[in-house]
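Coordinate-derived values only; no laboratory data. This one's a predicted model, so the numbers in the text were calculated from it and none came from an experiment. As a convention, Cβ positions derive from the backbone with ideal geometry for all residues, glycine included, and neighbour counts pool all protein chains shown.
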Amino acid sequence: MATKKCPFCAEEIQAESIKCHFCGENIGMGRWKSSWLALYFKRKALEEQKKIESLDAKEAQRNKSSNWLALYFKRKRLEEQQKIDALNKKSEQKQ
Ligand SMILES: [Zn+2]
């Protein structure tokens, strides 16, 4: 029968195992949870991307009238981009 390494204790276990009998970790469940989390972070990143787009639109509008507001929207946009980067990093780690 095929075997795999437990991601928690690195012992050889049966490929179909959903629970490691060495350390007792729930492997099948953990994988499911990971991909769910990756999906969650991806959706959050997408939401943040939409915020950036609306900030871009606002910035373009304000550019003509107020430099101060344009700067404010630029800073907000940078903050959102950092959030997206962090979310992307998290979702990659979970895969
Ligand atoms: Zn284990």
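Using C-alpha pairs below 8 Å separated by at least 6 residues, the relative contact order for the chain is 26 percent. Across the cross-link table entries Lys5/Lys42; Lys58/Lys89; Lys44/Lys89, which are compared at the Cα atoms, the separations over 24 Å belong to Lys5/Lys42; Lys58/Lys89. Comparing His21, Thr3, Gln82 along the charge dipole axis of the chain, the residue lying farthest to the positive side is Gln82, per the Cβ-charge model. Placing unit charges on the Cβ atoms only, positive for Lys and Arg and negative for Asp and Glu, gives the chain a dipole magnitude near 500 debye about its Cα centre.
For Lys19, the residues whose modelled amide H falls within less than 5 Å of its own, excluding neighbours fewer than 5 places apart on the same chain, are Ile27, Gly28. Entry note, the chain: the mean residue ellipticity at 222 nm calculated from DSSP H runs of n ≥ 4, each adding -39500 (n - 2.57), is -24500 deg cm²/dmol after division by the residues and rounding to the nearest 500. Of the trypsin sites (Lys or Arg not before Pro) found in region 1-90, those that fall in a DSSP loop while having at most 15 other beta-carbon atoms within 10 Å are Lys64.
The residues Ser91, Ser66, when put in order of fewest to most other Cβ atoms within 10 Å, stand as Ser66, Ser91.
Please check the chain for the longest run free of chymotrypsin sites (Phe, Trp or Tyr not before Pro) that are loop-located per DSSP (anything but H, G, I, E, B) and have at most 15 other Cβ atoms within 10 Å.
For chymotrypsin sites (Phe, Trp or Tyr not before Pro) (loop position, at most 15 other Cβ atoms within 10 Å), the longest site-free span of the chain is 23-95.
Placing +1 on the Cβ of every Lys and Arg and -1 on the Cβ of every Asp and Glu, with nothing else charged, gives region 44-95 a dipole about its Cα centre of roughly 140 debye. Remark: relative contact order (region 44-95) = 48 percent; criterion is Cα-Cα distance under 8 angstrom and separation of 6 or more residues.
Note on the chain: dipole from Cβ charges, positive end direction compared against Gln93, Ser35, Ile52; the farthest Cα belongs to Ile52.
Within a 10 angstrom radius of the beta carbon, how do Cys6, Cys23 rank from fewest other beta carbons to most?
Numbers: Cys6 19, Cys23 13.
In increasing order of surrounding Cβ atoms, one gets Cys23, Cys6.
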